[in-house]
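S.K.: Sharing a structure here in structure tokens format.
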Amino acid sequence: MALAKLKKGDKVIVIAGKDKGTKSEILSIDLKKSKVVVKSVNMIKKHQKANAQTKQGGIFSRESAIQVSNVMYLHNGQPTRIGIKVSEDKKTGKIEKNRVAKKTGEIID
């Protein structure tokens with residue numbers, strides 16, 4: 001359930017691996033493999049042949065996926081865990097789920 005708490009565009013810090021301490025944002029999330037792609041983290045070299053889309057072939061650098069457990073959400077510049085707060089509107093009976101920073105208790109979105 002940890003992946004449902006992070007979203008594309010969230011600011012995170014890498015807490016393990018060769019890029020430990022890097023602050024950046026999430027570019028994409030793979031729910032089935034529990035992996036995230038973070039901007040400018042875990043860069044790899046990709047050898048690509050010239051084709052219709054890329055007229056020029058060569059060696060390109062791009063981000064590779066890392067395990068979701070190796071990143072932590074940044075709230076006001078501080079790493080924090082994320083919780084889910086469920087509340088019900090008494091008039092309409094609608095149930096709302098909000099992400100909450102565990103360190104401060106503030107609602108994230």
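S.K.: For Lys46, list the lysines whose Cα falls under 25 Å from its own Cα; do not include residues on the same chain fewer than 8 positions away.
M.R.: Lys8, Lys18, Lys20, Lys23, Lys32, Lys33, Lys35, Lys55
S.K.: A further question on this structure: Give, in nm to one decimal, the length gained when the segment between Glu25 and Ser69 is fully stretched (0.36 nm per residue of separation minus the Cα-Cα distance).
M.R.: Values: separation 44, 0.36 × 44 = 15.84 nm, distance 1.50 nm.
This chain segment gains 14.3 nm when fully extended.
S.K.: Using the Karplus equation 6.51 cos²θ - 1.76 cosθ + 1.60 (θ = phi - 60°), what ³J(HN,Hα) coupling, rounded to whole Hz, does each residue of region 69-78 give in order, writing x for Gly and Pro?
M.R.: For region 69-78, the Karplus-derived couplings read 6, 8, 10, 9, 5, 9, 10, 6, x, 10 Hz, x marking Gly and Pro.
S.K.: Can you compute the FRET efficiency between Gln53 and Ile15 using 1/(1 + (r/R0)^6), with r the Cβ-Cβ distance and R0 = 30 Å? Round to the nearest 0.05.
M.R.: Numbers: r = 36 Å, r/R0 = 1.20.
In this case the efficiency is close to 0.25.
S.K.: So which lysines can Lys91 reach, going by Cα to Cα under 27 Å and dropping same-chain residues fewer than 8 places off?
M.R.: Within reach: none.
S.K.: While we're looking at this one, here's another question. Quick one: divide the alpha-carbon radius of gyration of the chain by 2.2 N^0.38 Å and tell me what you get. Mind showing how you got there, number by number?
M.R.: Numbers: Rg = 18.0 Å, N = 109, 2.2 N^0.38 = 13.1 Å.
Taking the Cα Rg and dividing by 2.2 N^0.38 Å, one obtains 1.38.
S.K.: Given Cβ point charges of +1 (Lys, Arg) and -1 (Asp, Glu) and nothing else, what value in debye, to the nearest 20, does the dipole of the chain about its Cα centre take? Working shown, then result.
M.R.: Numbers: 25 positive and 10 negative charges, 55 e Å.
In debye, rounded to 20, the chain gives about 260.
S.K.: On to the next question. In nm, to one decimal, how far is the Ile44 label point from the Asn76 one, both placed 7 Å along Cα→Cβ?
M.R.: 3.8 nm
S.K.: Among Phe60, Gly83, Met72, whose Cα projects farthest towards the positive end of the dipole of region 57-109, with charges put on the beta-carbon of Lys, Arg (+1) and Asp, Glu (-1)?
M.R.: Gly83
FYI, it's all coordinate maths here, none of it is from the lab. Values in this document were obtained by computation on a predicted structure and should not be read as measured data. Every residue, glycine among them, receives a Cβ derived from its backbone with ideal geometry; neighbour counts consider all protein chains shown.
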